Amino acid sequence: MLRFLRQQFVRWLLLLGVSEFLLLAAALNLATYLRFFLSPDDLATYATALPQRSLLFAGVVFVTMAALGQYRAHLRSSWIGLVARQALGFGMGGLALVVVFYLLPQAYLGRGVLGMALLIGFVLLAAFRTLFMRLVEVDAFKRRVLILGAGQRAGQIHNRMRRRADRRGFFVVGYIRGCHEESVVPDDYILHRTGSLRELCRRQQVDEIVVGVDDRRGNLPMDDLLDCRQAGVTVTDLTTFVERESGRVQLNLLDPSWLVFSGGFNATPLNLLLKRGFDVVMATGMILVLWPLMLLTALAIRLESGKGQPILYRQERVGEHGRTFWLYKFRSMRTDAEMDGVARWATKNDDRVTRVGRVCRKLRFDELPQLWNVLKGEMSIVGPRPERPQFVADLAIKIRYYGLRHSLKPGLAGWAQLSYPYGASEEDAAEKLKYDLFYVKNHNLFLDLVILVETFEIVLFGRGAR
């Protein structure tokens, strides 16, 4: 039974989803009784269709929560981020229910009942999820992984995925040293085969084998791996495993054949059309909502700098397929910041930043004019952040696969900005490329929504800005 619960698409996410769905249904029942417990006749009348209304309420809120990524297996988020996403999910669920009530009047819930149900449900789910996330840290509920290899490649799981968050979904039962392979993994973690690989997997209750030997040529026990596959054990390449569990593409594990034959890069005309529609709708909506803030920002820049000083700043950036475009920002630096014409990375406590500019950068207000770039089709709402041509020309020579990040339009928000702190060096650019490639390879509207919600959290708490 435990092995069944640990399977990739079932395990603890199934239990979490079912439990929260039932809690949402219970929240509506509790709200109904609290609302009408002083009026038995009204309660009896209202309770006749309560099971159907409970399922409808739970279903709509559950779908909005799922749409915002609350049931993603590998979502990296702080506790505040999870609560913020849950609050947004309940808000969207409440609006969706209003639409449903308009289309199905017989399903109508009174404003008092609906408001109480949303509040009770929010508290119940927040408390339950807090307890549940502690429970899933128990190794018995994690996917049990056996690493085939103990050299430099396999050792990266031991050396670079030490954090609890990195191993939330799996537990490493041990490593098996490959033929003629020098081990970099401590001996305590090495398993010694005394029989077949299938027998070892049975004894250790292994759910997945990750193939990470340094040299595959003639060193892979293909018959044993096929035997394990027939026994229901998943066999995964190390590069795919790291990508799936860490949300990044590890460059030093990468080879062209993996990029060609692995999944992703789903840039079909339909997907690109959906992404463009999403960009236009989001950019238009954000302009309609944020224009007062943009006006106040422009006024603050004018008051600080005086007449004759530019409010907007135009800078050349590299976009889709390496084409350059002019990116617009609210000016946050002095007009003489680069009088010598040399492009420079922004630094911490950069003395070129103005007082208004420092606030704008902290709250990301300086990026708002880029909504115009989105409407023009030069940028997307979500994508790799655009870099300056001078930096791109240099980085493309020094960092392998750097040009792949330009296969999509650059974005206002990005996966790398969520997953890696602000970077202003070649080393940081290489680290951020790992996350950019993950997004380029796995992008879809669902991931875009998750990134947007996470970005709101960063803006609210000012993380990562310079």
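Taking 8 Å as the Cα distance limit and 6 or more residues as the minimum spacing, I'd like the relative contact order of the chain as a percentage.
Taking the mean separation of contacting Cα pairs over the length of the chain, I get 13 percent.
Considering amide H positions built from the backbone, and no H for Pro or chain starts, which residues 5 or more places from F171, or on another chain, come under 5 Å of its amide H?
Counting only residues 5 or more places away or on other chains, the set is R143, R144, V145.
Apply the Karplus curve 6.51 cos²θ - 1.76 cosθ + 1.60, θ = phi - 60°, to the phi angles in the stretch 350-356 and return the couplings in whole Hz, x for Gly and Pro.
Result, rounded to whole Hz: 4, 6, 7, 7, 7, 5, 5.
Each residue of the stretch 27-37 in turn: what ³J(HN,Hα) in whole Hz from Karplus with 6.51, -1.76, 1.60 and θ = phi - 60°, glycine and Pro shown as x?
4, 5, 4, 5, 4, 5, 5, 5, 6, 10, 5
Once both labels are modelled 7 Å past Cα along the beta-carbon direction, what's the A267-L299 spacing in nm?
4.3 nm
If r is the Cβ-Cβ distance from E316 to W258 and R0 is 35 Å, what FRET efficiency results, to the nearest 0.05?
According to the calculation, E is roughly 0.55.
Amide H of V382 versus every other amide H placed in the peptide plane: which residues, excluding those fewer than 5 positions away on the same chain, fall under 5 Å?
Those qualifying (amide H under 5 Å, at least 5 residues apart or on another chain) are L412, A413.
Lys/Arg Cβ at +1, Asp/Glu Cβ at -1, dipole of the stretch 186-331 taken about the Cα centre: which of T240, H321, L288 is farthest positive-ward?
L288
For the stretch 142-246, what percent of Cα pairs sit more than 15 Å apart?
59 percent
Multiplying the sequence separation of L50 and M133 by 0.36 nm and subtracting their Cα-Cα distance, what value in nm do you get?
Gain on extension, L50 to M133, equals 26.8 nm.
Just report the Cα centroid separation between the stretch 373-446 and the stretch 188-264, whole Å.
Answer, in whole Å: 29.
Check which residues have an amide H placed less than 5 Å from L408's amide H, if you skip close sequence neighbours.
When sequence neighbours closer than 5 places are left aside, the close amide H contacts are H321.
Taking 7 Å along the Cα-to-C-beta vector as the label spot, tell me the E427-A66 distance in nanometres, rounded to one decimal.
That separation, rounded to one decimal, is 4.4 nm.
Grab every C-alpha pair in the chain, bin the distances at 10 angstrom width from 0 up to the longest one, and report whole percents.
For the chain, the binned pair fractions read 4, 17, 23, 23, 18, 11, 4, 1, 0 percent.
Test of understanding: what is the full-extension gain from F37 to I397, defined as 0.36 nm times their sequence separation minus their Cα-Cα distance?
Net length gain for the segment: 122.4 nm.
Please turn the phi angles of the stretch 299-312 into ³J(HN,Hα) values with the Karplus equation 6.51 cos²θ - 1.76 cosθ + 1.60 (θ = phi - 60°), one per residue in order, whole Hz, x for glycine and proline.
5, 5, 5, 5, 5, 6, 8, x, 5, x, 8, x, 8, 9
As an exercise, use a Förster radius of 25 Å and the Cβ-Cβ distance of S407 and T284 to find the FRET efficiency, rounded to the nearest 0.05.
Once rounded, the FRET efficiency stands at 0.45.
Per DSSP H run of at least 4 residues, take -39500 (n - 2.57); add these up for the chain, divide by its residues and hand me the 222 nm value, nearest 500 deg cm²/dmol.
-17000 deg cm²/dmol
Any read-out appearing in this document is the output of simple, stated calculations on the displayed coordinates, not a laboratory observation. This one's a predicted model, so the numbers in the text were calculated from it and none came from an experiment. Cβ: placed from backbone, ideal geometry, glycine included. Neighbour counts: every protein chain shown.
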